[in-house]
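Take a look at the structure below.
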Amino acid sequence: MTQKTRNILIHILGCLVFLSLPILFSPDLNQALNLIHIPPFRRDVLSSMLLLGFFYLNYYVLIPRFYVSKKIIPYVVFVLVCFLLVAFIPEMLMGNHHPHLAGPPHFNPPPRRGIFFFLSHKSLDFIIVLVLSLLLKIRERLKKTETEKANAELSYLKAQINPHFLFNTLNSIYSLAIQKNDKTADAVVKLSDMMRYVLNDSNTNFVPLEKEISYISNYIELQRMRLTSNVKLSYTCEGNVFDKKIAPLVLIPFIENAFKHGVNSEENSDIDIRITCSDTKLILMVKNNCVRANNNDLNKSGLGIENTKQRLQLLYPQQHHLDISEVNNTFIVTLSLNIHD
């Protein structure tokens, strides 16, 4: 069921409950078959229908057009006019007269009161509806603002990450071209697939997991092409990656970090990358040697990891666990994500 359908059903249910209140609280409820013929009951039903109409008029028209735009005086005038209409239309159409019905004496109408008592009696329900519509509209706008802010922040973070991947991959292909390596053409094809994914598929909050895994595999293969024999690279992906969704580009920064800061031409290096998928969870584990790096590289690495942490907080609140540690000169990253269909 979509969110829109769910909201429509909630509104329909709320309207039915609200319109049933005159029946449930009618003093003539024991005269169920005659309720429709009793003017006070019909008056209460009409009042409820008018209040319901005012709720949606205020929610969809008056608040967005006047209240939000800070046109307070026109808004107050419209609200007062609506109050008078809701208060007096049922009285003018139905009145207080009861038809002659055989039954107990409580059918006799109560004595008339002054206009002040009448308006004060009618104002309570109207104020409740007015405040409720205001609160719901304000809540909706706050939620929309938070969503827009989160989307803007995600776009900013992804804009910072994607060029970083591109530059590193181009450097890898450049290294192959300088060496006149026969794998250069294959590398260009893999880069093309990666850029197609980044430009066409990663612009949504969630993508098919198999596409993300394909992107990661292409990236690792590009890195493998330029590695020397003193680097031992292990990459495994286990489990079913189909029919699942994941936020795009949340895994690759940790993998890219391993290649950037775990490889040194002057010493042997080990890089171990494992991805394990179950029905509801994905676990990424990355291990690499801690090798010497300059401060600029460390700063850029820190920026990429911090950006990814922010994206995880936005897209997987209370649904992920990230552990980054260093043990015996080995850098270890373990990321656990709750994934869904």
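Here, each number is a calculation from the coordinates, and none is a lab measurement. As the structure is a computational prediction, the values presented were derived from the model and not from experiment. As a convention, Cβ positions derive from the backbone with ideal geometry for all residues, glycine included, and neighbour counts pool all protein chains shown.
Each residue of the stretch 251-261 is assigned a 3J(HN,Hα), and the resulting list reads 8, 4, x, 6, 6, 4, 4, 5, 6, 6, 10 Hz, derived from the Karplus form 6.51 cos²θ - 1.76 cosθ + 1.60 (θ = phi - 60°), x at Gly and Pro. Listed by chain and number, the aspartates and glutamates placed with their C-alpha closer than 18 angstrom to that of K70 are E140; residues fewer than eight positions away on the same chain are left out. Take the Cα of T147, step 7 Å toward its Cβ, do the same at F167, and the gap between the two points is 3.5 nm.
Given the Cα atoms of the stretch 206-286, and with Rh set as the inverse mean 1/r over their pairs in the Kirkwood sense, what is Rg to Rh to two decimals?
On the way: Rg = 13.4 Å, Rh = 13.4 Å.
Ratio of gyration radius to Kirkwood radius: 1.00.
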